[in-house]
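Written below as structure tokens is the structure these notes are about.
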Amino acid sequence: MKNFGLKDLLFIFLIAIIFIAADKYYNNLDLKDWISSIKSKKENVNNYFGIPEDSKITSTKTMESNSKKNSLKKSVRRTLHIHGFGEFNNEDLISIKEGIEKFYKLDCIISETVKSDDFYYAKNTVILLATKVLSLSVNKTDMHMYVTDEPLCNEDVNNLISGHARLHCDGSVVSSKEMTNNNHYSSKNIIGTAKHELAHNFGLQHCVKTNCLMNANGVGKNEFCVDCTSKIKPYKIN
């Protein structure tokens, strides 16, 4: 059996003192208050960021959902830039600006004029291709409408149109030429066409109701039917 010397006894005595001191320290520490404090801070952080206390995986989905809602709000608040394209009547730009602002409660700006060149016309004609004009609005932050006095078509140069826009896109084009050719040009009608095309950007398709602004032949109509009104509600406030 090993005989303990003075050094061994002193070492054991020091170890014993350390254990006693540690035990006394942890017994005096109020661990419940400390844990409660940490939990309170976590709840404060979660409340600040809108994260439920019991959320784990679902918190990511909640944040994604909020992000989508915010994106929708931002899209509603965007500005519409109205451009004269090629040959145009400046009074039409002013009329459209005032009409869109009143009808959609959308901020509008008359922006820089766009010069036309051969790229925008159907081959060997002086007729604008709507798809070529709308290429100007691709990858733009806000919405853009191009207004012209020149003839406009989709693909068939023998079928002139007063306007064109794609669903859920940010560009539209309006032409007064077809209206003038058919003796129904007026400030009211060009505003109505602009409202119609902008509604396509907002997601509305053509409507079969003859009294609706979204009717394909709805020249002179300036209001939506009940069904289209409900669909355009997030954008049309009045």
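Taken about its Cα centre, the stretch 145-238 carries a charge dipole of about 460 debye when Lys and Arg each add +1 at the Cβ and Asp and Glu each add -1 at the Cβ.
Charge tally around Phe88: other residues with Cβ under 12 Å, Lys/Arg +1 each, Asp/Glu -1 each, net -3.
Quick one, what does Rg over Rh come out to for the stretch 131-238 if you take C-alpha atoms and the Kirkwood Rh?
Details: Rg = 13.4 Å, Rh = 14.1 Å.
Answer for the stretch 131-238: 0.95.
When only alpha carbons of the stretch 76-197 are considered, Rg and Dmax amount to 13.3, 41 Å.
The stretch between Val138 and Cys169 holds 10.3 nm of extra length on full extension. This uses 0.36 nm per residue minus the Cα-Cα distance.
Run the numbers for Ser230 and Ala216: contour at 0.36 nm per residue of separation, minus the present Cα-Cα distance, in nm. Walk me through the numbers before you get to the answer.
On the way: separation 14, 0.36 × 14 = 5.04 nm, distance 1.87 nm.
Gain on extension, Ser230 to Ala216, equals 3.2 nm.
Checking the cross-link pairs Lys140/Lys231; Lys105/Lys209; Lys177/Lys221; Lys132/Lys221; Lys123/Lys221; Lys115/Lys195 against a 30 Å limit on the alpha carbon distance flags Lys123/Lys221 as lying beyond it.
Solvent-accessible area per residue for the stretch 88-205 at a 1.4 Å probe radius, Å²? Could the numbers behind the result be given before it?
On the way: 5760 Å² over 118 residues.
For the stretch 88-205, the per-residue accessible area is 49 Å².
Rolling a 1.4 Å probe over the protein chains gives Ile190 an accessible area of about 0 Å².
The values are calculated or read from the model by the stated rules, or taken from the named source; none is laboratory data. Predicted, not measured: the structure shown is a model, and the values here were computed from it. No Cβ is skipped: glycine too gets one built from the backbone with ideal geometry, and neighbour counts run over all protein chains shown. Accessible surface is based on the protein model in full, side chains and every heavy atom, while ligands, DNA and RNA are left aside. Shrake-Rupley method; radii C 1.70, N 1.55, O 1.52, S 1.80 Å.
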